[in-house]
Structure formats: structure tokens, C-alpha cells
């Protein structure tokens, strides 16, 4: 089981490395990455592929339609719901 | 006093590149992450195995095994050759002619597909629409996400989106299970070697992105950027996978050129330094550099340096030359841009 801090680091690195931005004062864990023009549909498809492979989970169609997954915190919350952590989360 | 631009000591990215960070040794965070990624070659081997299993799984089950977004350029030609010859896939190659494809590139398309015995289609969207699309891609600020404009010019981004949409449409209509492109490392992220095209995700975003394209490019954009949702619904039971096999290949540009020469492929001379099919590419580079201050190919070329397929000096040479306004002026006029649109 992945530690929450590792999952957070991996997801954060994936987003920063692929979407070419840096989390900081301006863009933080609650920032809606779609609204800020950072994430688009292609990068969202990549994100889903990354999460499924990295955390060995299957994100169902219903989950994809129900959850926004538009911020780091929303992504981490989904991982939490899928039981990807070995400890309880404390949002950023 | 001269202010020297900070440049990564391993690749050729400099501080103008969006989101770049340097460590104390002057190495960019992309190179640092690459050095820290143990087992990258093994990762590629695993991905290659997965791709080969996908091929085995679909072979002969549909009218075509794979749809290729075939630009006629060197990379998609190489991928078409690999898929058709090495893996024996029954491919349909589709070339989208944006009105600026070099005559020599079109000849290459015909010659290569004939030589490989592959079915070939040429799709030519309305030239008026294409000109307007390119013009508004430059005029409209913030049309694309930062990551997209860091990897390709505004003109290329619009074209790539139109082509992708067309390929998805054809794959869904004809039940073709895979779509392959010739994108290299740096042009798309490494994670994009195999992507499941989730049709729900597609539906989730299509409406918003189509509205954006219609607003910027006009009502005709529906034809080029829209998807018939009924077709998407019908296609739900079909799995469409997007493949970028170049991401798992380890091959240099000269090896590719050498390899495709035997198919009769000849390098066009009117497409600038960075394209082997499109005469509009230099205009894309010119506009991108004027607007963002860095070459749109620098990320892709840096990736080649990072993975050891290109030496750093050659890489610097490749991005040294920015096309002049005079050299692209005819295409600026053709698409109806004005000087103030570009900056």
C-alpha cells in the first residue's frame, strides 16, 4: 500500500512534469486546473492512465463522470476513496 | 553588464521555458527527474511488450487493425513501416492535407503506401476553414493549455486537434481498435505511449471544447472538431487505444531517414528545418518564438539529448535558427494575419 505522502508526491510530480507548471502560491492543491487552462482533455486522459497504472486501480466510467478530478486535492480524494493509502488523508 | 540566460547543463532548455526549475548544479528539473527515474529502459520494454500484445489481440478481427495518422513526414512514415512490415498489421493510413502539405510529401504518401501495400486516404478539409483556423489560433490568446504550447506551436496545436478528432471519428465509425501516430518523446509525454481512449471522458470534455472551437473558429468548427455523440454511444463497446509507438523506440533521426529511404521516401525541400511535410511549420515557429521567446521544438529536442539520441551541440544548432518574417511572409498573407496579431 502506498503512503499518502508518496501518492501525493507522485501525483504532484506527474501533474507538474506533464502539464509544465509548479504548485506554489499561485497554483495550489485546490486550484481547478481546467479553469486555469492548465489541464485539457488530452492531459486528463493521460492522468487517468497514470493513476490506473501507478496505483493499480480501475476508475469506473461512473467515477469519471461523477468526480471532477480537476484539482490535486480532488484527485487525492479519489485515491483515498479507492483505498490507495495506508493512512488517513489530511488535505493540503 | 550582460545578463546571461541560464541554460540547463545537460539539455538545452533555458529559463524562458515555462515552469522550468534549476538545481544548485544548474540542471533543470526535467533532466533531474530523468536521472532519478530508474529503469526507464525496462519501462520502455514493458510498454513495447504491452503494445505487441495489443497488436496480437486485435489482428484480423476488424476491417483494419490500425488507423495511422499519416502525415507523410519521416516519423509517421517510419511508424507505418514498422506496423505494416514488422508487425504485419492491416493498416489504414490517413493523411490530412491542410492545404500547405508539400507536393513532395504528398508524393511520399502515395509512394510509401503503395510500396507497403497499405490502404491510403487523403482528407482535405475546406482550405477557407483551415486558413481561418490558423489565423484565429494566433489571434486568440490562451486558446491552448500551457503544456500544449510548450510542446508545439499554436498552428500545430490546432492542426493536431483537428487531425485527432478526425481520426477518432473514423476509428469509431469503422470500428478500428487502434489509432497510431508518429509523435516523438517531448512532443507528447512518455505516459502517452499507450492511452485508452475513454469514450466517457471524451463525452465529458467534448461539449466544452467544441463550444470553444466554435466561438473562436466559427460555426464550421462543428464539422471538424465535433463528434457525433450517437456514434460515440454506439462505439462504447469498442475499445479505441491511442498509440505513440515512437515513444518506445530508440532510434536516431538519421537511422529513420535511412530506414525509410528504401520505401522511396524523399525529403521535401520546401518545409523548413523542422518539418518533413508541412510548409506552414516555419510560420508556426516564427509566431511561437515572437510570442513566447523560445523555440517550439526545444522541449522535444531536449528530450532527445536527455535520452542520449542527440548530442547537445547539434541540439543547439537545431534551434539556433528562427525563420525570418520575410521567409514566411507569403504564408502570413495567405492566412490573413497582420503584424499586430503575431506579437
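The values are calculated or read from the model by the stated rules, or taken from the named source; none is laboratory data. Source: prediction; values computed, not measured. Reconstructed Cβ throughout: ideal geometry from the backbone, glycine too, with neighbour counts over all protein chains shown.
In the stretch A:38-65, what residues are in contact with a helix residue (DSSP H, G or I) (Cβ under 7 Å, 6 or more places away or on another chain) and under 19 Å from residue B:157 (Cα atoms)?
A:38, A:39, A:40, A:41, A:43, A:44, A:45, A:46
For (1) farther than 27 Å from residue B:165 by Cα; (2) at pLDDT below 95; (3) touching a strand residue (DSSP E or B) at 6+ places or on another chain (Cβ under 8 Å), each residue gets a yes or a no:
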site: B:7; (1), (2), (3): yes, no, yes
site: B:20; (1), (2), (3): yes, yes, yes
site: B:25; (1), (2), (3): yes, no, no
site: B:31; (1), (2), (3): yes, yes, no
site: B:50; (1), (2), (3): no, yes, yes
site: B:62; (1), (2), (3): no, yes, no
site: B:109; (1), (2), (3): no, no, yes
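Given the conditions (1) closer than 22 Å to residue B:188 by Cβ; (2) over 18 Å from the mean Cα position of the chain (by Cα), report the number of the one that residue B:151 does not fulfil.
(2)
For the stretch B:145-157, indicate whether the set of residues that are at pLDDT below 90, touching a helix residue (DSSP H, G or I) at 6+ places or on another chain (Cβ under 8 Å), at the interface with chain A (Cβ under 10 Å from one of its Cβ atoms) and surrounded by fewer than 20 Cβ atoms within 10 Å (Cβ to Cβ) is non-empty.
Yes - at least one qualifying residue is present in the stretch B:145-157.
Conditions tested, residue by residue: (1) within 14 Å of chain A (Cβ to nearest Cβ); (2) surrounded by 12 or more Cβ atoms within 10 Å (Cβ to Cβ); (3) touching a residue at least 40 places away in the same chain (Cβ under 8 Å); (4) outside any helix (DSSP H, G or I).
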| position | (1), (2), (3), (4) |
| --- | --- |
| B:4 | no, no, no, yes |
| B:12 | no, yes, yes, yes |
| B:17 | yes, yes, yes, yes |
| B:24 | no, no, no, yes |
| B:32 | yes, yes, no, no |
| B:42 | no, no, no, no |
| B:52 | no, yes, no, no |
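Restricting the first residue to the stretch B:215-228 and requiring it to be within 17 Å of residue B:139 (Cβ to Cβ), which pairs with a second residue that is part of a loop (DSSP other than H, G, I, E, B) meet a Cβ separation below 8 Å and a spacing of at least six or different chains?
B:216/B:140; B:216/B:143; B:220/B:126
Which condition number in (1) within 29 Å of residue B:165 (Cα to Cα); (2) touching a strand residue (DSSP E or B) at 6+ places or on another chain (Cβ under 9 Å); (3) at pLDDT below 85 is the one that residue A:84 fails?
If we test residue A:84 against (1) within 29 Å of residue B:165 (Cα to Cα); (2) touching a strand residue (DSSP E or B) at 6+ places or on another chain (Cβ under 9 Å); (3) at pLDDT below 85, just (1) comes out false.
Taking the options B:95, B:77, name whichever one is crowded, with 21+ Cβ neighbours inside 10 Å and part of a helix (DSSP H, G or I).
B:77
Does residue B:269 count as part of a helix (DSSP H, G or I) and over 20 Å from residue B:152 (Cα atoms)?
no
Residue-by-condition table, conditions (1) outside any helix (DSSP H, G or I); (2) surrounded by fewer than 17 Cβ atoms within 10 Å (Cβ to Cβ); (3) touching a strand residue (DSSP E or B) at 6+ places or on another chain (Cβ under 9 Å):
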residue	(1), (2), (3)
B:287	no, no, no
B:290	no, yes, no
B:296	yes, no, no
B:303	no, no, yes
B:337	yes, no, no
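Does any residue of the stretch B:62-69 turn out to be under 16 Å from residue B:184 (Cα atoms) and surrounded by 12 or more Cβ atoms within 10 Å (Cβ to Cβ)?
The answer is yes; a qualifying residue exists.
Has the stretch A:3-13 got at least one residue that is over 14 Å from the mean Cα position of the chain (by Cα) and more than 12 Å from chain B (Cβ to nearest Cβ)?
Scanning the stretch A:3-13 turns up at least one residue that is over 14 Å from the mean Cα position of the chain (by Cα) and more than 12 Å from chain B (Cβ to nearest Cβ).
From the list B:166, B:134, B:213, which one is surrounded by 22 or more Cβ atoms within 10 Å (Cβ to Cβ) and more than 14 Å from every other protein chain (Cβ to nearest Cβ)?
B:134
Please go through the stretch A:31-85 and give me each residue that is at positive phi and more than 9 Å from chain B (Cβ to nearest Cβ), ordered by number.
Result: A:56, A:69, A:83.
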